[in-house]
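K.L.:
Okay, handing you the structure first.
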Amino acid sequence: MIEFQNIGKSYGGVRAVEGLNLHIELGELVVLIGPSGSGKSTALKMINRMVDHDQGRILFEGREIYSFDVRDLRRRMGYAIQSVGLFPHWTVERNIATVPHLLGWSKESISQRVTELLTLFDMAPELFRQRYPHQLSGGQQQRVGVARALAADPAVLLMDEPFGALDPVTRTALQLELKRVHQTSGKTIVLVTHDIDEALLLADRIVLMNQGQIVQVATPLELLSSP
Ligand code: ADP
Ligand code: ADP
């Protein structure tokens, strides 16, 4: 589904990622984990071309990512980040509908999809759809951020510490929701975290990064049983 072939990236003189080789299978949930500055976010953002690599090739569905129209590529990949990035002047509904709106969905389809997603994330649609981001708690904002990434039912979800700033209870609840979404939808998910418990709970495979390189790739079970 997504294939890194000998990928490298520098920012100015700083080598952020080097010699990255990784094949992410269709429907797989891959967690990139490692210390701060190890290149996780850079690796993630190269998949939807938010960051350009300067070495190697990345394939999506067997095609070089630069052969896609960039907007088409991004619309096929939901993206959710810790800082959420909701548009403050848009309602919850409009925020969730960002991509469906760009894709020209009808009002009815959008409304129905927003109802579905808010319900999935335990936010009563009648209470929340017309609210603005500042009228939500941090946890609710992050839910809306993840709902937005899911809205147009993209084949791929890219998530950069999507549950980072949450209290432990809300974080666990959202992790379990994501696991359920993954198990029921078969989406390919790439998630960046520095939380090993999150990685063990969610991942099909864990990719351990350090100083811009992949140090180890293992299933949670392999990782737990290795010396
Ligand atoms: P991680 O997500 O693991 O914390 P990053 O991919 O954000 O790692 O960063 C990898 C390296 O690249 C770090 O040394 C970081 O300082 C550097 N870096 C990341 N983004 C930029 C940028 N926009 N400009 C310059 N250096 C950057
Ligand atoms: P336009 O056609 O108006 O240039 P874009 O496709 O560039 O629109 O996207 C407009 C906004 O929607 C941007 O802020 C972009 O980050 C956001 N966006 C586009 N695609 C996605 C996506 N797959 N997931 C999340 N946000 C997206």
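K.L.:
Can you tell me which residue in the stretch 40-62 is surrounded by the most Cβ atoms within 10 Å (Cβ to Cβ), limited to those that are polar (S, T, N, Q) and within 16 Å of ligand 2 (Cβ to nearest atom)?
P.N.:
Looking at residues that are polar (S, T, N, Q) and within 16 Å of ligand 2 (Cβ to nearest atom), I get Asn48.
K.L.:
Answer with yes or no whether His134 is out of contact with any Pro (no Cβ under 6 Å at 6 or more places or on another chain), assigned to a helix (DSSP H, G or I) and surrounded by 15 or more Cβ atoms within 10 Å (Cβ to Cβ).
P.N.:
On the way: out of contact with any Pro (no Cβ under 6 Å at 6 or more places or on another chain): yes; assigned to a helix (DSSP H, G or I): yes; surrounded by 15 or more Cβ atoms within 10 Å (Cβ to Cβ): no.
So His134 fails the test.
Quick grid of which residues meet (1) free of Cβ contacts under 8 Å to residues at least 40 places away in the same chain; (2) within 26 Å of Asn48 (Cβ to Cβ):
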position: Arg74; (1), (2): yes, yes
position: Ala80; (1), (2): no, yes
position: Thr91; (1), (2): no, yes
position: Val99; (1), (2): no, yes
position: Leu103; (1), (2): no, yes
position: Arg113; (1), (2): yes, yes
position: Arg129; (1), (2): yes, no
position: Pro133; (1), (2): no, yes
position: Arg143; (1), (2): yes, yes
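K.L.:
How many of the residues in the stretch 137-154 are outside any helix (DSSP H, G or I) and within 15 Å of the chain's Cα centre (by Cα)?
P.N.:
4
K.L.:
Taking the condition of being more than 9 Å from ligand 1 (Cβ to nearest atom), under 15 Å from Gly212 (Cα atoms) and not in a helix (DSSP H, G or I), how many residues in the stretch 34-51 meet it?
P.N.:
Of the residues in the stretch 34-51, 0 are more than 9 Å from ligand 1 (Cβ to nearest atom), under 15 Å from Gly212 (Cα atoms) and not in a helix (DSSP H, G or I).
K.L.:
Shifting gears a bit: Go through the stretch 66-104 and give me each residue that's under 15 Å from the mean Cα position of the chain (by Cα) and over 13 Å from Ala149 (Cβ atoms).
P.N.:
Across the stretch 66-104, the qualifying residues are Leu73, Ser83.
K.L.:
Contact list please: Cβ distance under 7 Å, first residue in the stretch 8-27 and under 17 Å from Arg49 (Cα atoms), second residue surrounded by 15 or more Cβ atoms within 10 Å (Cβ to Cβ) and among the basic types (Lys, Arg), pairs at least six apart or on different chains.
P.N.:
Ala16/Lys9; Val17/Lys9
K.L.:
Ok, one more. Quick one: which helices (runs of 4 or more DSSP H) sit completely within the stretch 63-121 and have at least 1 residues that are surrounded by 20 or more Cβ atoms within 10 Å (Cβ to Cβ) and away from ligand 2 (no atom under 13 Å from the Cβ)?
P.N.:
Answer list for the stretch 63-121: 92-96, 107-120.
K.L.:
Mind checking which residues of the stretch 169-227 are more than 21 Å from Ala155 (Cα to Cα), among the polar types (S, T, N, Q) and in a helix (DSSP H, G or I)?
P.N.:
Passing the criteria: Thr170, Thr172, Ser225.
Rule-based calculations on the coordinates, nothing more; no lab input. This structure is a prediction, so every number in the text was calculated from the model and none was measured. No Cβ is skipped: glycine too gets one built from the backbone with ideal geometry, and neighbour counts run over all protein chains shown.
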